[in-house]
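K.L.:
Next up is a structure, given as structure tokens.
The values are calculated or read from the model by the stated rules, or taken from the named source; none is laboratory data. These numbers were taken from a predicted model, which means no experiment stands behind them. Cβ placement follows ideal geometry from the backbone for every residue including glycine, while neighbour counts extend to all protein chains displayed.
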Amino acid sequence: MTEQSAGVLCCPVCGAGMKTAEKILYCTGERKHCYDIASSGYINLLPPGKASNAKTGDDRRMLRARSAFLDTGAYEKFSAEAARLIKEQLDGAGIKNNSGSSKEKSAVFVDAGCGEGYHTLNIARCLAENGISPVPVGLEASKYGAEKAAKRAKAAGDIGKGAVFAAANIFAMPLKSGCADAVVSMFAPAPDAEAARVLKDGGFLIVCSSGSRHLWELRQVLYGEPRLSPPLSRVPEGFELCATSSCSFRLELQNREEIGALFEMTPFFFRCPREGRERLLSLDSLSVGAEAEYKVYKKAYNSI
Ligand SMILES: C[S@@+](CC[C@H](N)C(=O)[O-])C[C@H]1O[C@@H](n2cnc3c(N)ncnc32)[C@H](O)[C@@H]1O
């Protein structure tokens, strides 16, 4: 975490700005609320004392399964498309340089519901390769997920250095109003109102969700006749839809382990019928289509 990335945070208790000192973050409010920076680099910014904190977010098992699958690189194209959309919007919007440098644009992007930071860091890497200096902020309800993300950032070298990963509620983000150029929601609940608050005027929200036939062949094995996933049609208040895109590709799963890893990270793992599960887990290979839809919403000027 750098001063620049810490500078976007605000205290989840009193809303004051935050400063770093050694291994803590403290707020500049009267009460000087303090938050430890864990050795992994993650910060717990879930409001203290909320019983609901313990239950929020995906559980360890799900996060572990997702990491195992994502680490194969199978969903890299989904991150790359999100990064392409961010770059396209930054280029088009002429968003002002945060760093003050005339050479390189810097962009604060928030990955809301970032899981274990896989897409966050991939997006940051793609932006850096395209001449944008990223300030990635990953927020995740699961402490385990935020911690894994921070470890991932450490392993990512320079790209990870400016990143902040916090356990936090995306519906009450511990971020200053108007601090972000982009908010990205990758297969996570979309925090419309909070996105509008933390975005700069003219900033944008990118929502990536499963396409209607995402993992269709896997769903066919599980359910026989699966239903098409409904499209995302609502435009969030305070935003206007400015672009859409999609990304699809095939995954060739070559053995039971690969099929199991994909299955475990989907919601079907918890709710499909037993016979479907048995059918799927007895397969030795599976060719399955992956597809995601992207909506880019621009924040209307003075919308909040
Ligand atoms: C399907 S996962 C996607 C994770 C990641 N974006 C990815 O694509 O790999 C949705 C994530 O949103 C997180 N999440 C759900 N509700 C949340 C909330 N209120 N605040 C923060 N994170 C939340 C979950 O814990 C989970 O990690």
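K.L.:
Yes or no: the stretch 27-44 includes at least one residue that is among the hydroxyl-bearing types (S, T, Y), surrounded by fewer than 21 Cβ atoms within 10 Å (Cβ to Cβ), within 16 Å of the ligand (Cβ to nearest atom) and part of a loop (DSSP other than H, G, I, E, B).
P.N.:
No, there is no match, as no residue in the stretch 27-44 is among the hydroxyl-bearing types (S, T, Y), surrounded by fewer than 21 Cβ atoms within 10 Å (Cβ to Cβ), within 16 Å of the ligand (Cβ to nearest atom) and part of a loop (DSSP other than H, G, I, E, B).
K.L.:
Looking at the stretch 1-26, which of its residues are exposed (fewer than 13 other Cβ atoms within 10 Å of the Cβ) and among the basic types (K, R)?
P.N.:
Result: K23, single match.
K.L.:
Mind counting the residues in the stretch 160-179 that are in contact (Cβ under 8 Å) with a residue 60 or more places away in the chain and within 15 Å of the ligand (Cβ to nearest atom)?
P.N.:
11
K.L.:
Any chance the stretch 82-90 includes a residue that's buried (at least 19 other Cβ atoms within 10 Å of the Cβ) and either of a type in the set (F, W, Y) or modelled with pLDDT under 80 (or both)?
P.N.:
No; the residues of the stretch 82-90 include none that is buried (at least 19 other Cβ atoms within 10 Å of the Cβ) and either of a type in the set (F, W, Y) or modelled with pLDDT under 80 (or both).
K.L.:
List pairs: first residue in the stretch 1-29 and within 22 Å of E194 (Cα to Cα), second residue modelled with pLDDT under 95 and of a type in the set (K, R) anywhere in the structure, Cβ distance under 6 angstrom, at least six positions apart or on different chains.
P.N.:
none
K.L.:
Here is a list of conditions, (1) modelled with pLDDT under 95; (2) within 16 Å of the ligand (Cβ to nearest atom); (3) in contact with a helix residue (DSSP H, G or I) (Cβ under 7 Å, 6 or more places away or on another chain), and L205 meets all of them except one; can you say which number that is?
P.N.:
It fails just one condition, (1).
K.L.:
Can you pull out every residue in the stretch 241-277 that is surrounded by 12 or more Cβ atoms within 10 Å (Cβ to Cβ), at pLDDT 95 or above and of a type in the set (D, E, K, R)?
P.N.:
Matches in the stretch 241-277: R277 only.
K.L.:
Right, E258: out of contact with any helix residue (DSSP H, G or I) (no Cβ under 7 Å at 6 or more places or on another chain) and either more than 16 Å from the ligand (Cβ to nearest atom) or small (G, A, S) (or both) or not?
P.N.:
Spelling it out, E258 is indeed out of contact with any helix residue (DSSP H, G or I) (no Cβ under 7 Å at 6 or more places or on another chain) and either more than 16 Å from the ligand (Cβ to nearest atom) or small (G, A, S) (or both).
K.L.:
Another question about this same structure. State whether the residues of the stretch 190-200 include one that is acidic (D, E), surrounded by 15 or more Cβ atoms within 10 Å (Cβ to Cβ), at pLDDT 95 or above and more than 30 Å from L45 (Cβ to Cβ).
P.N.:
no
K.L.:
What are the residues in the stretch 133-159 that are more than 20 Å from A68 (Cβ to Cβ), away from the ligand (no atom under 14 Å from the Cβ) and not polar (S, T, N, Q), if any?
P.N.:
P134, V135, G157, D158, I159
K.L.:
A further question follows. Considering only residues of the stretch 208-246 that are closer than 15 Å to A292 by Cβ, assigned to a loop (DSSP other than H, G, I, E, B) and hydrophobic (A, V, I, L, M, F, W, C), which is nearest to the ligand (Cβ to nearest atom)?
P.N.:
Residue satisfying both the conditions and the ranking: L215.
K.L.:
Also: Starting from residues that are farther than 22 Å from D58 by Cα and touching a residue at least 12 places away in the same chain (Cβ under 8 Å), keep the ones in the stretch 110-132 and report whichever is surrounded by the most Cβ atoms within 10 Å (Cβ to Cβ).
P.N.:
Checking each candidate, the answer is A124.
K.L.:
Something else now. Please name all residue pairs, on different chains or six or more residues apart, with Cβ atoms under 6 Å, provided the first residue is in the stretch 184-202 and is within 16 Å of K295 (Cα to Cα) and of a type in the set (S, T, N, Q) and the second residue is more than 7 Å from the ligand (Cβ to nearest atom) and assigned to a helix (DSSP H, G or I).
P.N.:
Filtered contacts from the stretch 184-202: no entries.
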